[in-house]
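Have a look at the structure below, then the notes.
The values are calculated or read from the model by the stated rules, or taken from the named source; none is laboratory data. Note that the structure is a prediction, hence the values are computed from the model and not measured. Heads up, the Cβs are rebuilt from the backbone with ideal geometry, glycines too, and the neighbour counts pull from every protein chain shown. Calculation scope for accessible area: heavy atoms of the full protein, side chains included, ligands and nucleic acids excluded. Shrake-Rupley method; radii C 1.70, N 1.55, O 1.52, S 1.80 Å.
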Amino acid sequence: MKRFAVLLGVAGVSLSAVFVRWSTAPSLVLAFYRMAFSALLLAPAAWLRREDFRDLGRRELLLSLLSGAFLGVHFACYFESLRWTSIAAAVVLVDTEVLFVALASALVLGRKLSRRAWAAVLLAFGGSVAVALAEGGGGTALRGNLFALAGSACMAVYTMLGAVCRRKLSTTAYTTLVYSAAACTVLAAALAGGWALAGWGPVNLLAGLGMAVFCTLLGHSVFSWGLKYLPPAFISTANLLEPVLASVWGLLLFGEGPGPLVILGGGVILLGIALYSREEEA
């Protein structure tokens, strides 16, 4: 049942692209809706676990808020990428987060990677280049693909900061701070860009709420829960199903069939990620 719950979580996360496709609001506004709803839905749990915040140190607080800021930018970039490129290309490129984490660990933190790990990273990088240059989403696909890669890089920073914060913070405390910071970040960006927060119609509020429920709380939160009971390798491997499921939704609901180069490059990326995750677990 635990493994099945994780797979359901992957299915929930894969719906994010569907909600974005149905929406009409600007990416920053939609990202604000998602993160604001996520923070509000988490508020009751945060209140019940308020003792988790009492020993919150200044360093953990600042890193959590910074992590949330990058998460907010990640969603804004990802949502914007879906305006310009295909669902398959956007989701596959966003999942290259592990590639940026590996490169940052080696080049910035000085961590030594094995030859097999480097081979897996280079394989995923080659697939990313193929997908980024693909024209599966039309003449403006490259713009969308670059937004997706930018979102992936932001997600990598979020992941690395989160790994530091989670050493001392509970899941409830960390996610509450992160979701709140993400909502404030995209709110500030939307207001600075002159976007109104209201007047976009019920469909966009429902899209934001749907992503908060299915993609955030029943998706990413399930992964965090699953790590307590299941091997990390299983969680990493299960996450590789997200691009596949998202592509299926795109084909069934919007008639978006990924181009040959996107399929080839996406397969290479997923293979590289799988090999890298396996090497990390070894």
Completion exercise
Rounded to the nearest Å, the spacing of the alpha-carbon centers of the range 170-204 and the range 27-77 is 9
Practice task
Please list, in chain and number order, the residues 5+ apart from SER86 or on another chain whose amide H is under 5 Å from its amide H, with Hs placed from the backbone.
Solution key: GLY137
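Quantify how much of the Cα-Cα distance distribution of the range 157-267 extends past 21 Å, in percent. Present the calculation step by step, with values, prior to reporting the outcome.
Numbers: 3470 of 6105 pairs.
Counting pairs separated by more than 21 Å, the tail of P(r) holds 57 percent.
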Practice task
Calculate the spin-label point distance for TRP225 paired with ASP52, positioning each point 7 Å from the Cα along the beta-carbon direction, and give it in nanometres.
Solution key: 1.3
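Stick to the Cα atoms of the range 59-182, pair each with every other, and give me the Kirkwood hydrodynamic radius in Å at one decimal. Can you show the working numbers first?
Details: mean 1/r = 0.0659 Å⁻¹.
Kirkwood radius, the range 59-182: 15.2 Å.
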Exercise for the section: Report ³J(HN,Hα) in whole Hz for each residue of the range 140-150, in order, from the Karplus equation J = 6.51 cos²θ - 1.76 cosθ + 1.60 where θ = phi - 60°; Gly and Pro get x. Expected result: 9, 4, 4, 4, x, 5, 5, 4, 5, 5, 5
Handout entry: Largest-first principal axis extents, alpha carbons of the range 240-282, Å
Key = 40, 18, 5
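Determine the share of the chain's accessible area contributed by carbon and sulfur atoms, expressed in whole percent, with a 1.4 angstrom probe.
Details: 9370 of 13450 Å².
Heavy-atom surface of the chain belonging to carbon and sulfur, 1.4 Å probe: 70 percent.
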Practice task
Return P(r) of the chain (all Cα-Cα pairs; 10 Å bins starting at 0; whole %; ordered from short to long distances).
Solution key: 7, 28, 38, 22, 4, 0
Completion exercise
To the nearest Å², the heavy-atom accessible area per residue of the range 1-152 with 1.4 Å probe amounts to 47
